[in-house]
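Data block below; observations after.
None of the figures in this text is laboratory data; all of them are computed from the coordinates on show. Quantities reported herein were computed from a predicted structural model and do not represent experimental measurements. All Cβ positions, glycine included, derive from the backbone under ideal geometry; neighbour counts span all protein chains shown.
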Amino acid sequence: MEKEKPIGVFDSGIGGLTVVKRISSNLPKEDIVYFGDTARVPYGSKSNSTVIEYSIQDAKFLINKNVKAIVVACNTSSSIALNNLRKSFNVPVIGMIEPGSQAALKASKNGRIGVIGTRATVNNKAYSNQIKKFNSDIQVFEKACPLFVPLAEEGWIKHKATYDIAEEYLKELRDKEIDTLVLGCTHYPILAEVIQEVIGEKVNLIDSGIASAEAVQVELDRYDLNTNKNSLGNQEYFVSDIPVKFKEVAELFLGKEVSEVSKIDLELLTL
Ligand code: DGL
């Protein structure tokens, strides 16, 4: 039965676990299969053609796991590969950019929105274009913050170096009088406290993972794909490499214990 299939979620690495956390808290009965391309992370510094190629391989892996929908829990892939993914696979594909943009528009009162993300997300102006499509009067200011990814993976949640780097990255956004800031990278919610302190308490932070988890619910309703099960869903985790400190960092991102992780061969992705 279609409804009883799992939801597939992929990311370039472990950042997408912040999205899994939100999906499983909104939809606790749904089974989830996660794939993190930890051998080839980061995607945020790669060319568009490579990001598209890798994203299609990641999604194909999930399709082979018989998923009923795919969540692209990576802002970089969502920025660059979403249309290719929607054309290539016959299941609902939910990205991060549309839901994150809508949530930002809802939150902003002064029409001045900041977006932080990887270089690829920012260079592709994914959020600016999407937000302006919804409302062309909005001013969007984007800033790439590549060092936030290793800081989050290092677990330096409130480290002095994180404050210093956040100060350096965010000072130009502070001058733009934004009232809303989109965390346009799935790693950034881990650093939300520091980002909030540095950008100022009055700025609304938008976690695109929360917005995207809500969009998953909408899509399941729309296609009548909600599970009928009454028990808690299972979660299966696959990665293309198990890096040093993986379990510790994954648990920080997921907010709970990661019981079992399977490593798959990259060759399996490229078949
Ligand atoms: N997960 C990626 C994103 O949300 C960040 C890490 C990467 O560069 O691959 O954009």
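Give me the Debye-computed log₁₀ of I(q)/I(0) at q = 0.07, 0.12 Å⁻¹ for the chain, equal point scatterers on Cα only, no solvent, two decimals.
Those come out to -0.22, -0.68, one per q.
For the range 214-221, take each phi angle, set θ = phi - 60°, evaluate the Karplus expression 6.51 cos²θ - 1.76 cosθ + 1.60, and give the result in whole Hz per residue in order, putting x for glycine and proline.
5, 5, 4, 4, 4, 5, 5, 4
Order 119-125, 230-236 from most to least packed using the mean count of other Cβ atoms within 10 Å.
119-125, 230-236
Out of ALA192, ALA250, PRO150, whose Cα points farthest toward the positive end of the dipole of the range 143-271 (charges: +1 Lys, Arg; -1 Asp, Glu; placed on Cβ)?
It is ALA192.
State whether the range 1-63 is rounded, prolate or oblate according to the following rule on the C-alpha gyration tensor (a ≥ b ≥ c being the square roots of its eigenvalues): a/c under 1.5 gives rounded; otherwise a/b larger than b/c gives prolate, and the remaining case gives oblate.
Verdict is oblate for the range 1-63.
What does the highest-first list of 25-34, 66-75, 206-215 look like by mean Cβ count within 10 Å?
66-75, 206-215, 25-34
What distance in nm separates the two pseudo spin-label positions at LYS176 and LEU232, each 7 Å out from Cα along the beta-carbon direction?
With each label point 7 Å from Cα toward Cβ, the separation is 4.1 nm.
If I take R0 = 45 Å and measure r between the Cβ atoms of LEU268 and LYS158 in this structure, what FRET efficiency does the formula 1/(1 + (r/R0)^6) give, to the nearest 0.05?
The value I calculate is 0.70.
Restricting things to Cα coordinates, could you compute the convex hull volume per residue of the range 160-211 in Å³?
Convex hull of Cα atoms, per residue: 74 Å³.
Label-point separation (nm) for GLU260 and PHE134, each offset 7 Å from Cα along Cα-to-Cβ?
About 4.0 nm separates the two model spin labels.
Output wanted: per-residue J couplings in Hz (rounded whole) for the range 156-163, from phi through Karplus 6.51 cos²θ - 1.76 cosθ + 1.60, θ = phi - 60°, x for Gly and Pro.
Going residue by residue, I get 7, 5, 10, 6, 4, 4, 5, 4 Hz, with x marking Gly and Pro.
Can you give the three extents of the C-alpha atoms in the range 127-227 along their principal axes, from longest to shortest, in whole Å?
Cα extents, longest axis first: 48, 35, 22 Å.
Where does each of 85-93, 257-265 land if you order them by average Cβ count within 10 Å, highest first?
85-93, 257-265
Divide by every residue of the chain the summed helix terms, -39500 (n - 2.57) for each DSSP H run of at least 4, and state the resulting mean residue ellipticity at 222 nm, rounded to the nearest 500 deg cm²/dmol.
So the calculated ellipticity at 222 nm is -13500 deg cm²/dmol.
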